[in-house]
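These notes are about the structure you will find just below.
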Amino acid sequence: MASEQHTGGDELGRFLRARRTQTRPESVGFTPGPGVRRTPGLRREELASLAGVSIDYYIRLERGKETRPSPGVVDALARALRLDDDEHHHLRELTVRAARYAPEPPPPPSRTVRPHLKLLLETMRPNPAYILSRSMDLLAWNPAGLALYAGLADWPAKQRNLARYLFLHPTARELFPDWEPLVRGCVARLRAQAGTSPDAPDLTSLVGELLLKSPDFARLWERYEVVGRKKTQKTFHHPQVGILTLTSQGMHLEGTPGQRLGAYTAEPGTPDHDAMLLLDMTAPAGSRHPDAKTGRQRPAQP
């Protein structure tokens, strides 16, 4: 993927084609006729009719030849495809980008995490917490934040990426009993990012690697979903502390190049909270981020 040349119209066309082929005709009022349809989902002429545009115009859109559809056409396509609010927003972003596309790829965002954010991670202990880049690289963490993803600490720091872990680490499928919906959300997030920045080197490198190494990733990537159905609670079958269910929270960090804070909590006094405490106390000494500093001492292990 890193070597592909993109245009804004290409990405817009890919998204429309993916949504069209995954839209059942009966879900939008068409009754399939007798015989087997040669292609899945809606035909181009059916979508064009629903959106009130000519078939020739729609074909140009899907082939990346038409890059300036009007807001009315964009909204009509969104209605015809039954897009939800997030998908509709993504379609609008792709349209804006297609109209002003610049071929020069943007530089990768800085991986530097500000000192006060590293201190924040340390003060959140024993709650697992970490900071991710837009492409899901693990940039900073506290001990439980790294130890929660069993086996991730075995990889070099620059290789630690949650998408890479979910698809390529042998422990990931054992750690998450609901692995399939989890990875669908992961791919949807990367798809949304790459759709508006398809030539960004941090994204193209990761996606290219996963397309090559993971058939599951390639299958989900082809679906072009951009909305992840996130669950606030995640269950971990952790090899060190057993089964624990934690509530997750993610948030954008202001003043950073797309960095996000991820954190997990459990109700005090519950077995899940006890397991979280144990995870923090028994995390290897090297699991603290090398630049993290704290003025307080952790309790000695029993």
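Keeping to the range 26-45, report how many residues are modelled with pLDDT under 85 and outside any loop (DSSP other than H, G, I, E, B).
3
Would you confirm, using the coordinates I've provided, whether ARG60 is surrounded by fewer than 19 Cβ atoms within 10 Å (Cβ to Cβ), modelled with pLDDT under 85 and more than 30 Å from TRP141 (Cβ to Cβ)?
On the way: surrounded by fewer than 19 Cβ atoms within 10 Å (Cβ to Cβ): yes; modelled with pLDDT under 85: no; more than 30 Å from TRP141 (Cβ to Cβ): yes.
Considered against the rule, which asks whether it is surrounded by fewer than 19 Cβ atoms within 10 Å (Cβ to Cβ), modelled with pLDDT under 85 and more than 30 Å from TRP141 (Cβ to Cβ), ARG60 comes out as no.
Give the residue that is nearest to VAL74 (Cα to Cα), with candidates limited to residues of the range 94-119 that are in a loop (DSSP other than H, G, I, E, B) and at pLDDT 85 or above.
In this case the residue turns out to be ARG111.
Among the residues that make up the range 102-125, is at least one of them touching a residue at least 60 places away in the same chain (Cβ under 8 Å), among the small types (Gly, Ala, Ser) and either touching a Phe, Trp or Tyr at 6+ places or on another chain (Cβ under 8 Å) or farther than 28 Å from LEU278 by Cα (or both)?
yes
Which of the numbered conditions does GLY262 fail, given that it passes all the others? Conditions: (1) in contact with a Gly (Cβ under 8 Å, 6 or more places away or on another chain); (2) surrounded by 20 or more Cβ atoms within 10 Å (Cβ to Cβ); (3) not hydroxyl-bearing (Ser, Thr, Tyr).
For GLY262, the exception is condition (2).
What is the number of the single condition among (1) crowded, with 18+ Cβ neighbours inside 10 Å; (2) modelled with pLDDT of 95 or more; (3) more than 16 Å from the chain's Cα centre (by Cα) that HIS289 does not meet?
(2)
Considering the range 173-222 alone, what residues qualify as being outside any helix (DSSP H, G or I) and at pLDDT below 90? Don't jump to the end; show me each part of the working.
Step one: filter the range 173-222 for residues outside any helix (DSSP H, G or I), giving 176-178, 197-200, 214.
Of everything in the range 173-222, those that are outside any helix (DSSP H, G or I) and at pLDDT below 90 turn out to be SER197, PRO198, ASP199, ALA200.
Do we have any residue at all in the range 223-246 that's surrounded by 14 or more Cβ atoms within 10 Å (Cβ to Cβ) and assigned to a helix (DSSP H, G or I)?
Taking every residue of the range 223-246 in turn, at least one turns out to be surrounded by 14 or more Cβ atoms within 10 Å (Cβ to Cβ) and assigned to a helix (DSSP H, G or I).
Could you list, in sequence order, all residues of the range 46-57 that are exposed (fewer than 14 other Cβ atoms within 10 Å of the Cβ) and part of a loop (DSSP other than H, G, I, E, B)?
The answer is GLY52, SER54.
Could you give me the residue pairs with C-beta distances under 6 Å whose first residue belongs to the range 168-183 and is touching a residue at least 60 places away in the same chain (Cβ under 8 Å), whose second residue is of a type in the set (Lys, Arg) wherever it lies, and which are 6+ apart or on separate chains?
Between residues of the range 168-183 that are touching a residue at least 60 places away in the same chain (Cβ under 8 Å) and residues that are of a type in the set (Lys, Arg), there is no close pair.
Find the residue count for the range 120-148, including only residues that are buried (at least 24 other Cβ atoms within 10 Å of the Cβ), of a type outside the set (A, V, I, L, M) and either touching a His at 6+ places or on another chain (Cβ under 6 Å) or assigned to a loop (DSSP other than H, G, I, E, B) (or both).
Here the count works out to 4.
The values are calculated or read from the model by the stated rules, or taken from the named source; none is laboratory data. Everything numeric here is computed off the predicted structure, so don't read it as measured data. Cβ coordinates were reconstructed from backbone atoms using ideal geometry, including for glycine residues, and neighbour counts include every protein chain displayed.
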